[in-house]
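Participant: This is the structure I have questions about; it appears just below.
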Amino acid sequence: GAITEASALVDAFRKLQTSGESFSLQTQTVKDAKPLQITGRRFRVGREGPVIDALWFIDNPVAMQALETRSEELAKAVQNAQQAQAILDTLPFPVWARGTDLNLISCNRVYAKALDISTEEAVQGQHELASQTARGGSGRILAANALSANHVETERRHVIIAGKRKLLEISEVPLKSPSGEVLGLLGFAIDVTAEEDKETELQRHLAAQHD
């Protein structure tokens with residue numbers, strides 16, 4: 001009965017919390033007696049992240065089977081995505097990723113900070129770092145060139161960041177599968193303003209010597 005099933009669920013969830021033992025229980029909904037599967041799994045977020053004990057309540061037989069056969073794969077995919085984002089966020093320069101349609105699909109915190117928005121806003125609004133240039137333009141142009149040529153494209157552009165004019169060396173790198181298929185692009189920008197300042201100062205110094 002319902003009491004026995006409830007007790008079994010409590011016991012199963014306690015085992016999940018104490019020993020990480022996964023479980024799957026078959027029951028039915030109270031209202032219309034539809035088949036209901038309750039599945040418990042333990043996941044770790046990243047290699048050293050927190051452990052999460054999760055429950056799924058599924059009333060679709062097809063979804064039940066899909067979860068059973070693909071749950072571990074889905075967990076790994078989520079973990080890898082979170083690990084990748086965590087790695088990108090540790091980099092001290094703007095980094096972003098695009099699909100083959102050239103749309104932004106992710107970026108790191110430094111990229112978003114340069115635009116004074118969140119990473120979510122940057123991706124959802126398709127905000128281009130290279131569009132902050134003094135002469136205008138779109139960051140998609142360099143990406144399109146890299147995609148069509150199927151190799152790294154790099155250029156230097158002056159970008160306005162926090163009201164200051166910066167010289168960035170911007171690169172777009174095609175990301176390929178083991179078979180050579182282009183899956184998207186990885187972009188990054190290195191601040192070379194200091195290098196430009198030194199060159200300008202040297203030119204001033206040489207010019208002063210000729211005066």
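The values are calculated or read from the model by the stated rules, or taken from the named source; none is laboratory data. Worth saying up front: this structure is predicted, and the values here are computed from it rather than measured. Ideal geometry is used to build each Cβ from the backbone, glycine not excepted, and the neighbour counts take in all protein chains shown. SASA here: full protein model, heavy atoms, side chains in, ligands and nucleic acids out. Shrake-Rupley method; radii C 1.70, N 1.55, O 1.52, S 1.80 Å.
Participant: Leaving ligands, DNA and RNA out of it, rank Leu36, Leu147 by accessible area with a 1.4 Å probe, largest first.
Facilitator: Values: Leu36 30, Leu147 50 Å².
Ranked list, largest accessible area first: Leu147, Leu36.
Participant: Describe numerically, in nm with one decimal, the distance between label points set 7 Å from Cα along Cα→Cβ at Ala84 and at Gln124.
Facilitator: For the pair Ala84/Gln124, the computed spacing is 2.1 nm.
Participant: Between Val152 and Asn103, what FRET efficiency comes out of the Förster formula 1/(1 + (r/R0)^6) with R0 = 30 Å and r the beta carbon distance, rounded to 0.05?
Facilitator: 0.95
Participant: Sticking with this one: Heads up, I need the accessible area for Ser22: 1.4 angstrom probe, whole protein in place, Å², nearest 10.
Facilitator: 50 Å²
Participant: Treat each spin label as a single point 7 Å out from the Cα along the C-beta direction, and report the Arg42 to Leu91 distance in nm.
Facilitator: With each label point 7 Å from Cα toward Cβ, the separation is 3.4 nm.
Participant: Next up: Between Ser24 and Arg165, what FRET efficiency comes out of the Förster formula 1/(1 + (r/R0)^6) with R0 = 41 Å and r the beta carbon distance, rounded to 0.05?
Facilitator: Calculated transfer efficiency: 0.10.
Participant: Which sequence of His158, His151 reflects their accessible areas, 1.4 Å probe, from the largest down?
Facilitator: His151, His158
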